[in-house]
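So the structure is just underneath, and the comments pick up after that.
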Amino acid sequence: MFEYTGSRVAFSLFGIDVYWYGILMALTLVSALYIVRYFAKYHGLEVSVIENLFYLGAFSGLIGSRLGAILPYWRYFLEHPLEIFSRGGMASHGAIFTIMIVGIFYVRKHRLNYWKIADMAAPVLPVGHIFIRLGNFLSGELYGPPTDLPWGVEFPSSLGPVHPSQLYEVIAALVILPLAWKWAKNPKYPGYAFFRVLFTHSVVRFFLDFIRQHSELYGPFVLSQIIALGICLVTLPIIIILDRRYQLR
């Protein structure tokens, strides 16, 4: 058992607290920029156009992730609307959906192939989860239920050792990342890398959320599990159909 006695605050600068979550979020954005620039050059696309899409996507993704965090608690925020801006929390599904929608209009304007661009961005998803879940761990939040396993972690607010579910997702993302990178470098068809990464991530999220149920239950599942399951049911048939279609050529 490991006892984590750290703080949500990494350090203070001129009286202003700088939080671990904010630092890891910033690292996510910086890493994402370098990734999309790398793949833009690798695939011979105009870097400035892809960079502008990144900035637009980063801004809209932050808004979408916040909306995604509010949605499971919509009853609470209806009664406390001011806490929409003061209470913390982000949700990756909200960011993904918002970026996908904004991307549709951007690629049409610049006459780009939507799914080729999505393939280039596929490695960003596991990289983002590595940093963000580390931020959750260092902030002592989103941990799992009590456990007697030797790798259990006791956080200041957990009242005993619990599953470090944040680190489980980090490990899963570290496994997915090299696959995502390989798929993005040599996609067999437009959407090849994106659909695989989204499906794999959703499978992981569905099962890990059984030990990270911090949201309201809808039957046996939390909202993020329902979303993840829905993504799996959509992306898996797409992958199978496209694989068969392109194998016939």
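Observations on the model:
- Boolean, PHE77 is of a type in the set (Phe, Trp, Tyr), farther than 30 Å from LEU112 by Cβ and at pLDDT below 90: yes
- Residue check, LEU208 of a type in the set (A, V, I, L, M, F, W, C), open to solvent by less than 50 Å² (accessible area, probe 1.4 Å), touching a residue at least 12 places away in the same chain (Cβ under 8 Å) and more than 19 Å from ASP119 (Cβ to Cβ): yes
- Out of LEU125, LEU112, LEU159, LEU149, sole residue that is closer than 21 Å to SER60 by Cβ and either in a loop (DSSP other than H, G, I, E, B) or basic (Lys, Arg) (or both): LEU112
- Yes/no for ILE117 being touching an Asp or Glu at 6+ places or on another chain (Cβ under 9 Å) and either surrounded by fewer than 17 Cβ atoms within 10 Å (Cβ to Cβ) or not charged (D, E, K, R) (or both): no
- Residues in the stretch 29-62 that are open to solvent by less than 20 Å² (accessible area, probe 1.4 Å) and among the β-branched types (Val, Ile, Thr) were compared, and the one that is farthest from ARG133 (Cα to Cα) is ILE50.
Each row is one residue, and each column tells you yes or no for (1) in contact with a Leu (Cβ under 6 Å, 6 or more places away or on another chain); (2) part of a helix (DSSP H, G or I); (3) of a type outside the set (Ser, Thr, Tyr).
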{"residue": "LYS188", "(1), (2), (3)": "no, no, yes"}
{"residue": "ARG196", "(1), (2), (3)": "no, yes, yes"}
{"residue": "SER202", "(1), (2), (3)": "no, yes, no"}
{"residue": "PHE207", "(1), (2), (3)": "no, yes, yes"}
{"residue": "PHE210", "(1), (2), (3)": "no, yes, yes"}
{"residue": "GLN225", "(1), (2), (3)": "no, yes, yes"}
{"residue": "ALA228", "(1), (2), (3)": "no, yes, yes"}
{"residue": "ILE238", "(1), (2), (3)": "no, yes, yes"}
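- Selection within the stretch 86-100 - part of a helix (DSSP H, G or I) and free of Cβ contacts under 8 Å to residues at least 40 places away in the same chain: SER86, GLY94, ALA95, PHE97, THR98, MET100
The values are calculated or read from the model by the stated rules, or taken from the named source; none is laboratory data. None of these values were measured; they are calculated from a predicted model. Methodologically, a virtual Cβ is constructed for each residue, glycine included, from the backbone with ideal geometry; neighbour enumeration extends over all protein chains shown. In case anyone asks, the SASA skips ligands and DNA or RNA and just uses the protein heavy atoms, side chains included. Shrake-Rupley method; radii C 1.70, N 1.55, O 1.52, S 1.80 Å.
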